[in-house]
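Engineer: First, the structure itself, so that you have it in front of you.
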Amino acid sequence: MIQQYYEWQYRIFSPKIPPTYHEVLMQYSSYYQDLSPELKKLFLKRLYILIKNIRFVSEKNMTVNTQMKVLIGSAIIQITFGLKRYLLSQFKTIFVAPRKYTYKGMKHFIAGDVNPRNKIISLSWESVQKGFSIDDDAVNIALHEITHSIDFENRDVFINFFNDNDWHSFEQLAQQKILEIQKNPNSYLGAYAGQNIFELFARSIEFFFEKSEDLQKNEPLLFEHLQKLLLQNPLNKKYPIPIN
């Protein structure tokens with residue numbers, strides 16, 4: 001497995017992680033800020049390996065700098081932090097736009113999207129920054145779109161991010177929730193989550209990390225399923241995952 005190879009390389013060569021990684025995360029990521037020193041170290045290691053395996057691109061007049069790579073990459077590490085797999089196998093290109101963008105034939109501007117055909121994740125940088133700067137509103141475009149990419153990859157028979165039984169249980173609950181939301185668009189997760197299982201999963205992840213206590217209180221079963229699926233509990237801020 002390619003991830004094991006890169007982890008082996010990391011152990012052998014012990015590369016020095018740029019201090020910028022820690023500085024950016026301490027400025028923007030409340031998830032990282034709360035981690036214990038041991039888990040901060042693990043987070044940075046995974047992020048370093050991840051960034052080496054992601055191709056970041058943008059418009060000709062924009063350079064994707066380290067800050068952008070770190071913050072966007074941190075969304076992937078945050079979601080997968082309790083899992084064995086954290087490298088994306090198919091979505092290995094991330095396009096960063098300076099601001100919200102649109103496509104030909106589209107009447108509105110968007111903050112991000114995932115294209116399952118060309119395997120590209122696109123994100124508005126201004127929206128990414130805002131999503132991490134305001135960390136308690138359950139609106140984080142990086143977490144949302146990265147969840148879509150992980151969802152797409154997990155549906156490939158050769159890629160497993162999640163335990164099959166846990167994923168099947170989540171899908172069953174998700175279908176129930178979608179029907180509930182469609183009957184009552186003003187329900188807790190909001191009407192957008194009722195479109196399909198992809199959007200319900202992505203919105204649930206945003207709530208799981210940014211409104212953890214609220215989600216547990218209002219949707220305890222959904223919170224429990226996400227906890228089992230991701231193998232972490234964001235309410236345990238210092239140790240959301242066990243120390244091995």
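The values are calculated or read from the model by the stated rules, or taken from the named source; none is laboratory data. Since we're looking at a predicted model, the values are computed, not measured. Because the Cβ atoms are built from the backbone with ideal geometry, glycine has one as well, and the counts that use them run over all protein chains shown.
Engineer: Criterion first (in a helix (DSSP H, G or I), in contact with a helix residue (DSSP H, G or I) (Cβ under 6 Å, 6 or more places away or on another chain) and either farther than 30 Å from residue 87 by Cβ or at pLDDT 95 or above (or both)) does residue 201 satisfy it? Break it down into steps so the answer makes sense when it comes.
Structural biologist: Values: in a helix (DSSP H, G or I): yes; in contact with a helix residue (DSSP H, G or I) (Cβ under 6 Å, 6 or more places away or on another chain): yes; either farther than 30 Å from residue 87 by Cβ or at pLDDT 95 or above (or both): yes.
Taking the combined requirement at face value, the residue satisfies it.
Engineer: Only one of (1) loosely packed, with under 13 Cβ neighbours inside 10 Å; (2) more than 21 Å from residue 42 (Cα to Cα); (3) not aliphatic (A, V, I, L, M) is not met by residue 207, so which one is it?
Structural biologist: Failing condition for residue 207: (1).
Engineer: Shifting gears a bit: Can you tell me which residue is surrounded by the most Cβ atoms within 10 Å (Cβ to Cβ) among those in region 138-185 that are among the aliphatic types (A, V, I, L, M) and part of a loop (DSSP other than H, G, I, E, B)?
Structural biologist: Out of the qualifying residues, it is 138.
Engineer: Which residue, of 188, 192, 239, is farther than 19 Å from residue 80 by Cβ, assigned to a loop (DSSP other than H, G, I, E, B) and of a type outside the set (Val, Ile, Thr)?
Structural biologist: When all the criteria are applied, what remains is 188.
Engineer: Check whether at least one residue in region 55-72 is part of a helix (DSSP H, G or I), loosely packed, with under 13 Cβ neighbours inside 10 Å and not polar (S, T, N, Q), and report yes or no.
Structural biologist: The answer is no; no qualifying residue exists.
Engineer: Looking at 132, 162, which one is within 26 Å of residue 1 (Cα to Cα) and hydrophobic (A, V, I, L, M, F, W, C)?
Structural biologist: Numbers: 132 fails: within 26 Å of residue 1 (Cα to Cα).
Being within 26 Å of residue 1 (Cα to Cα) and hydrophobic (A, V, I, L, M, F, W, C) holds for just one of 132, 162, which is 162.
Each row is one residue, and each column tells you yes or no for (1) hydroxyl-bearing (Ser, Thr, Tyr); (2) closer than 30 Å to residue 20 by Cα; (3) modelled with pLDDT under 95; (4) under 16 Å from the mean Cα position of the chain (by Cα).
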| position | (1), (2), (3), (4) |
| --- | --- |
| 81 | no, yes, no, yes |
| 93 | yes, yes, no, yes |
| 101 | yes, yes, no, no |
| 110 | no, yes, no, no |
| 136 | no, yes, no, yes |
| 145 | no, yes, no, yes |
| 174 | no, no, no, no |
| 182 | no, no, no, no |
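Engineer: Say whether the condition of being under 21 Å from residue 61 (Cβ atoms), surrounded by 17 or more Cβ atoms within 10 Å (Cβ to Cβ), in contact with a helix residue (DSSP H, G or I) (Cβ under 9 Å, 6 or more places away or on another chain) and touching a residue at least 40 places away in the same chain (Cβ under 8 Å) is met by at least one residue in region 83-97.
Structural biologist: yes
Engineer: Follow-up. Among 223, 209, 161, which is modelled with pLDDT of 95 or more, more than 24 Å from residue 69 (Cβ to Cβ) and not charged (D, E, K, R)?
Structural biologist: Numbers: 209 fails: more than 24 Å from residue 69 (Cβ to Cβ); 161 fails: more than 24 Å from residue 69 (Cβ to Cβ).
After ruling out the rest, the residue left standing is 223.
Engineer: On to the next question. Using the structure shown, decide if residue 50 is modelled with pLDDT of 95 or more, surrounded by 14 or more Cβ atoms within 10 Å (Cβ to Cβ) and not in a helix (DSSP H, G or I).
Structural biologist: Here the answer is no, as residue 50 does not meet what is asked.
Engineer: For region 88-113, enumerate the residues that are under 30 Å from residue 242 (Cβ atoms) and touching a Ser or Thr at 6+ places or on another chain (Cβ under 9 Å).
Structural biologist: Correct list: 88, 90, 91, 94.
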